[in-house]
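What follows is a set of notes on a single structure, which appears directly below.
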Amino acid sequence: MTTSTFPDLVGRQAERAALDDLLVGLLAGESRVRVFRGEAGIGKSVLLEYAVARATQVTVTRAQGVEADMELPYASLHQLCAPFLGQVDALPGPQRDALRVAFGTAAGDPPDRFLVGLAVLSLLTRASETRPVLVVVDDAQWLDQVSLQTLEFVARRLLAEAVAMVFAVRDPEGKAALAGLPGTRIGGLDAAAASELLESTVGGRLDKRVRDRFVAEMHGNPLALLEFSRGRTAAELAYGLDSSASPEGEATVSSRLERDFADRLRSLPGPTRTLLLIAAAEPVGDAGLLTRAAASLDIVPDAAPAKSAGLIDLHGFLRFRHPLVRSAVYHQAGAEERRAVHRALAAATDPAQDPDRRAWHAAQAASGPDEEVAVELERAADRARQRGGIAAEAVLLERAAQLTPDARRRGRRAVAAAEAHFSAASPDRATEQATLAELCPLGSLDRARLARLHARILFARSRSDEAAPLLLEAAAQFTAAKSPLARETYLEAISATIFAGRVHGPTGARAAAVAARASGAPPSGSEAADLLLDGVAAILTDGYETGLPALRRALDLLVQEELRTREATMRWLLLVPVALEAFIHYAWDLHAWDRLATRAVRLARDIGALGALPPALIYAGGVRIHDGDFAGAARMIHEADTLAAATGHAPHTYAALVLAAWRGEADAAARIIDDARTRAVERGEVSLLGATGYIQGVLFNGLARYEDALAAARSGIEHDGFNFTGLSLVEHIEAATRCGRADLAHASLARLLELTRAADSGWAAGAGARSRALLADGDEADALYRTAVEEFGRGGVTVEVARTHLLYGEWLRRNRRPSQARDHLRTAYEMFDGMRADAFAERARRELIATGEHVRARVTKATNSLTAQESQIAALAADGMTNARIGAELFISPHTVEWHLRKVYTKLGINSRRALPDALSGAVTLDGGHRREAATRPDRAKPPTRPSGTSRPR
């Protein structure tokens with residue numbers, strides 16, 4: 001059997017081959033990622049050492065997860081990035097500042113962890129330009145949470161960089177860590193390999209039956225085979241192992257290993273055991289710190305007996321032979337021994353250089369409530385928050401609450417811990433801390449915070465209408481406490497009712513608005529937020545005529561409000577979806593939608609708020625859909641979905657559904673709709689059910705399946721939601737007229753005119769005029785269609801301009817005016833065909849043929865089939881942006897940008913970015929000539945060229 005210079009690697013040919021292939025690819029400039037998973041002792045660490053030993057001509061950087069170090073933010077990431085920190089100044093400004101704040105070397109607003117991830121990606125990429133970089137992370141399950149999340153983000157963004165990442169994750173502790181990354185599960189050695197390994201370490205000839213029994217008991221675990229046979233003869237294995245290695249109740253190999261290590265510890269001198277305990281409790285590996293702590297405990301450091309016992313290695317510093325040794329050392333010690341060691345470490349740690357670790361050791365040393373320690377933990381939590389370590393902040397506050405003697409202070413700290421746990425996406429631990437807080441005497445403000453937190457946890461788990469009453473109760477408590485959080489919480493309550501999909505009823509949006517207006521809540525500190533609440537509440541209580549003016553007064557403030565801090569920007573990003581929903585569905589204002597969504601995308605990019613960027617991109621993509629730029633919309637949706645996946649968020653299906661409907665992709669839309677409906681039912685998102693009614697109305701009207709469109713649009717109307725009612729009415733009117741149900745069409749028209757009467761916008765006026773035209777005759781219908789074309793153009797709703805030309809042409813043909821019909825149908829066909837709105841284009845084509853027009857089928861060049869990401873990068877490059885700027889814009893590295901551009905050049909048959917603007921052509925026009933699409937930035941995409949007379953003022 002093949003052997004290696006690493007004896008534990010006997011039988012690991014497949015794993016070694018995978019690592020060899022990874023290193024070959026790395027030297028060729030390719031990015032690779034591999035996660036090795038398995039139980040303790042199975043050989044993961046040895047595989048990592050094999051990779052390091054084989055990594056010649058490569059820069060290796062390492063991090064080691066340590067259980068005792070899990071709660072200090074960015075500790076592991078700082079360890080890994082240490083060799084490259086000299087290049088931090090060369091990073092783009094936002095990335096540089098984020099990394100410095102995260103590592104505590106500069107002050108500033110708390111950085112978004114994904115912006116920190118982009119900074120790490122850039123740092124590794126820059127280092128790889130000189131020499132390929134291998135990142136090796138052992139015991140990844142014990143990295144501090146924010147470091148683990150950041151490295152996972154980096155691993156998912158690698159594509160064309162000379163950077164490889166290899167992780168080892170222990171199961172079952174790390175079952176959820178790095179899920180989804182390419183991985184290999186490491187099992188026990190097969191019988192032959194395990195036997196070879198055993199025989200290489202045992203003195204004397206080993207009986208086959210004894211060997212086979214021993215191998216079976218160890219489940220092929222290499223560490224177990226080596227450690228349990230260590231120093232034993234063949235005779236001892238044959239007669240003495242069972243009783244010492246397999247006590248009753250210890251089923252797992254790792255527990256038996258840990259017990260074996262503990263047995264060796266008991267034979268060591270007391271000072272040596274204490275020295276090992278200090279090392280186990282302090283993961284930094286600082287020899288000076290170890291010496292100072294030992295001195296404070298009056299022991300002379302002597303590690304030689306531990307080395308002789310096979311528990312540590314000494315290479316200028318003390319290193320445990322395996323993480324299980326560290327675990328055995330720490331857990332076999334008594335509680336008072338551990339406290340004494342942590343007390344010594346706290347005293348030996350410099351309070352100026354490392355205050356957080358000092359506070360943590362002091363907390364572990366505490367045997368009861370200690371306000372002084374609790375205060376230091378609270379300060380450490382604040383520093384963790386400032387560095388973006390929300391998970392660490394939560395744990396530090398939780399421990400501070402446990403050590404707080406005063407019940408009122410304990411409750412306040414427990415509330416803060418619960419809020420931090422919720423922000424760190426740990427709702428179960430948030431609930432635990434909230435429950436503890438409820439047992440303490442709380443002030444009115446803390447009770448309000450707790451009530452809001454309960455509502456947020458409920459809303460995060462289910463979008464049902466149960467959260468809104470809790471938010472209203474919290475808002476009322478904030479009002480009573482004269483807190484500026486009151487109006488923000490009322491707005492949050494209205495937002496919750498919008499998701500729940502109900503306007504009327506005791507838990508509907510109108511009830512929340514009534515409560516907000518009657519509350520007398522103090523100003524929030526943001527005039528834009530206050531005006532937005534006033535406008536939305538007025539729409540819901542007094543009607544559109546009263547509410548829309550207030551809403552419009554909020555618009556300029558929302559677009560122009562100066563946001564001085566990251567926190568202020570994040571609050572703006574959280575409230576803007578409510579504003580967008582109001583401007584879309586009540587003001588019918590695409591221009592306002594565009595202004596708000598564009599600013600949301602820009603702000604999210606500027607501060608690196610990758611959690612807020614995907615929904616902002618989705619709203620901006622919605623503008624592109626209505627503007628007729630389906631390619632631009634697809635790019636935004638793709639980027640949003642990619643970022644959502646990279647950050648662990650659910651994809652946003654609404655825009656993808658609308659795009660599929662306008663394109664006429666029935667099969668694709670059906671799949672997305674089925675998934676969306678299932679999720680809507682599970683999470684109580686009734687508003688999503690209303691949205692699917694409108695979406696299917698568009699889809700089926702485009703496909704000329706009018707009976708289906710009628711039923712779908714009716715469901716969108718009847719869901720009683722804050723949004724989609726008006727848009728569903730438009731679809732319902734068209735479908736009803738085509739089905740000969742004038743009675744239904746007239747009823748829906750009356751509702752639509754009521755909804756659009758107060759909206760001074762081209763979109764609203766166009767929708768009303770065209771819907772009236774569908775039910776009119778003669779000159780009246782003719783004039784209404786013309787008005788609709790003009791008004792939709794004024795509103796910038798290009799898809800509705802094209803659709804009105806189609807409906808107008810259909811009406812003209814049925815009224816035996818084929819020449820005039822042909823003009824409008826040709827315009828509709830060219831516009832829909834340019835957008836790739838295939839179902840509506842086919843409707844127009846059939847109508848054109850019926851007028852006697854000859855329509856040449858479209859031909860598409862296969863070489864121009866760019867992916868969504870390629871299209872997005874090509875558009876940015878054609879707009880003059882450098883690779884570095886494109887990478888910062890899209891949260892990828894410049895190398896990945898260049899890799900995509902090379903593929904774009906090949907597909908388009910060009911050899912430089914100078915040729916991109918002319919080469920970015922997609923479909924072919926009716927006469928066979930190429931239609932050129934504008935190459936634009938994704939947040940400033942331009943619509944396809946419109947026929948004369950249909951452009952809109954901006």
One residue is enough: does the range 757-774 have a residue meeting the conditions free of Cβ contacts under 8 Å to residues at least 60 places away in the same chain and of a type in the set (Lys, Arg)?
yes
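Given the options 780, 791, 800, name the one that is under 28 Å from residue 668 (Cβ atoms), out of contact with any Asp or Glu (no Cβ under 8 Å at 6 or more places or on another chain), at pLDDT 95 or above and of a type in the set (Asp, Glu).
800
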Are any of the residues in the range 95-103 surrounded by fewer than 18 Cβ atoms within 10 Å (Cβ to Cβ), among the polar types (S, T, N, Q) and out of contact with any strand residue (DSSP E or B) (no Cβ under 9 Å at 6 or more places or on another chain)?
no
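Which of the residues spanning the range 703-751 are polar (S, T, N, Q), surrounded by fewer than 20 Cβ atoms within 10 Å (Cβ to Cβ) and at pLDDT 95 or above?
The answer is none; no residue qualifies.
Can you tell me how many residues within the range 393-418 are over 17 Å from residue 383 (Cβ atoms) and of a type outside the set (S, T, N, Q)? Give the steps one after another, and end with the answer.
So the first thing to find is which residues in the range 393-418 are over 17 Å from residue 383 (Cβ atoms), and the list is 401-412, 414-415, 418.
Those left that are additionally of a type outside the set (S, T, N, Q): 401, 403, 405-412, 414-415, 418.
Number satisfying all stated conditions: 13.
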What is the residue count in the range 741-756 for residues that are free of Cβ contacts under 8 Å to residues at least 40 places away in the same chain and closer than 22 Å to residue 626 by Cβ?
5
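Here is a yes/no grid of residues against (1) surrounded by fewer than 20 Cβ atoms within 10 Å (Cβ to Cβ); (2) in contact (Cβ under 8 Å) with a residue 12 or more places away in the chain; (3) in contact with a Cys (Cβ under 8 Å, 6 or more places away or on another chain):
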site: 346; (1), (2), (3): no, yes, no
site: 351; (1), (2), (3): yes, no, no
site: 355; (1), (2), (3): yes, yes, no
site: 360; (1), (2), (3): no, yes, no
site: 382; (1), (2), (3): yes, no, no
site: 388; (1), (2), (3): no, yes, no
site: 397; (1), (2), (3): no, yes, no
site: 401; (1), (2), (3): no, yes, no
site: 416; (1), (2), (3): no, yes, no
The conditions are (1) surrounded by 22 or more Cβ atoms within 10 Å (Cβ to Cβ); (2) farther than 30 Å from residue 97 by Cβ, and residue 553 fails exactly one of them. Which is it?
(1)
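Of these, 178, 189, which one is on the phi > 0 side of the Ramachandran plot, part of a loop (DSSP other than H, G, I, E, B), surrounded by 14 or more Cβ atoms within 10 Å (Cβ to Cβ) and not acidic (Asp, Glu)?
Details: 189 fails: on the phi > 0 side of the Ramachandran plot.
Going through 178, 189 in turn, the sole match is 178.
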Restricting attention to the range 758-797, and to residues there that are touching a His at 6+ places or on another chain (Cβ under 7 Å) and of a type in the set (Val, Ile, Thr), which single residue is farthest from residue 551 (Cα to Cα)?
789
Could you please tell me which pairs satisfy a Cβ distance under 6 Å, a separation of 6+ or placement on different chains, a first residue in the range 871-887 that is under 19 Å from residue 125 (Cα atoms), and a second residue that is surrounded by fewer than 24 Cβ atoms within 10 Å (Cβ to Cβ) and charged (D, E, K, R)?
883/898
For residue 77, are the conditions met, namely being under 16 Å from residue 384 (Cα atoms), touching a strand residue (DSSP E or B) at 6+ places or on another chain (Cβ under 8 Å) and either outside the structural domain of residue 324 (by TED's automatic domain parsing) or buried (at least 20 other Cβ atoms within 10 Å of the Cβ) (or both)?
yes
Among the residues of the range 90-107, which ones are without any contact (Cβ under 8 Å) to a residue 60 or more places away in the chain and either outside the structural domain of residue 65 (by TED's automatic domain parsing) or farther than 17 Å from residue 893 by Cα (or both)?
97, 100, 105, 106
Hey, residue 327 outside the structural domain of residue 115 (by TED's automatic domain parsing), without any contact (Cβ under 8 Å) to a residue 60 or more places away in the chain, of a type in the set (Ser, Thr, Tyr) and under 25 Å from residue 77 (Cβ atoms) or not:
no
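Would it be correct to say that residue 146 is β-branched (Val, Ile, Thr), at pLDDT below 90 and part of a helix (DSSP H, G or I)? Show your work before the answer.
On the way: β-branched (Val, Ile, Thr): yes; at pLDDT below 90: yes; part of a helix (DSSP H, G or I): yes.
Considered against the rule, which asks whether it is β-branched (Val, Ile, Thr), at pLDDT below 90 and part of a helix (DSSP H, G or I), residue 146 comes out as yes.
Every residue, every condition in (1) in contact (Cβ under 8 Å) with a residue 60 or more places away in the chain; (2) part of a helix (DSSP H, G or I); (3) not small (Gly, Ala, Ser), yes or no:
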{"position": "776", "(1), (2), (3)": "no, no, no"}
{"position": "788", "(1), (2), (3)": "no, yes, no"}
{"position": "793", "(1), (2), (3)": "yes, yes, no"}
{"position": "800", "(1), (2), (3)": "yes, yes, yes"}
{"position": "803", "(1), (2), (3)": "no, yes, yes"}
{"position": "808", "(1), (2), (3)": "no, yes, yes"}
{"position": "822", "(1), (2), (3)": "no, yes, yes"}
{"position": "847", "(1), (2), (3)": "no, yes, yes"}
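Within the range 17-35, is even one residue more than 20 Å from residue 158 (Cα to Cα) and buried (at least 17 other Cβ atoms within 10 Å of the Cβ)?
Checked against the condition, which is being more than 20 Å from residue 158 (Cα to Cα) and buried (at least 17 other Cβ atoms within 10 Å of the Cβ), the range 17-35 yields no hits at all.
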State yes or no: is residue 62 closer than 25 Å to residue 327 by Cβ and among the basic types (Lys, Arg)?
yes
Which condition number in (1) buried (at least 23 other Cβ atoms within 10 Å of the Cβ); (2) touching an Asp or Glu at 6+ places or on another chain (Cβ under 6 Å); (3) in a helix (DSSP H, G or I) is the one that residue 45 fails?
(1)
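So which of 401, 420, 407, 392 ends up being under 20 Å from the mean Cα position of the chain (by Cα) and more than 18 Å from residue 448 (Cβ to Cβ)? Give the steps one after another, and end with the answer.
Details: 401 fails: under 20 Å from the mean Cα position of the chain (by Cα); 420 fails: more than 18 Å from residue 448 (Cβ to Cβ); 407 fails: under 20 Å from the mean Cα position of the chain (by Cα).
On inspection, the qualifying residue turns out to be 392.
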Complete set of residues in the range 140-151 that are of a type outside the set (Phe, Trp, Tyr) and surrounded by fewer than 24 Cβ atoms within 10 Å (Cβ to Cβ):
141, 145, 149
For the subset of the range 849-869 comprising residues that are modelled with pLDDT of 85 or more and in a helix (DSSP H, G or I), which member is nearest to residue 157 (Cα to Cα)?
849
If you scan the range 293-348, which residues turn out to be polar (S, T, N, Q) and farther than 24 Å from residue 65 by Cβ?
296, 308
Based on what the data block shows, is residue 122 assigned to a helix (DSSP H, G or I) and surrounded by 24 or more Cβ atoms within 10 Å (Cβ to Cβ)?
yes
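The values are calculated or read from the model by the stated rules, or taken from the named source; none is laboratory data. This one's a predicted model, so the numbers in the text were calculated from it and none came from an experiment. Cβ atoms come from the backbone with ideal geometry, glycine included; neighbour counts cover every protein chain shown.
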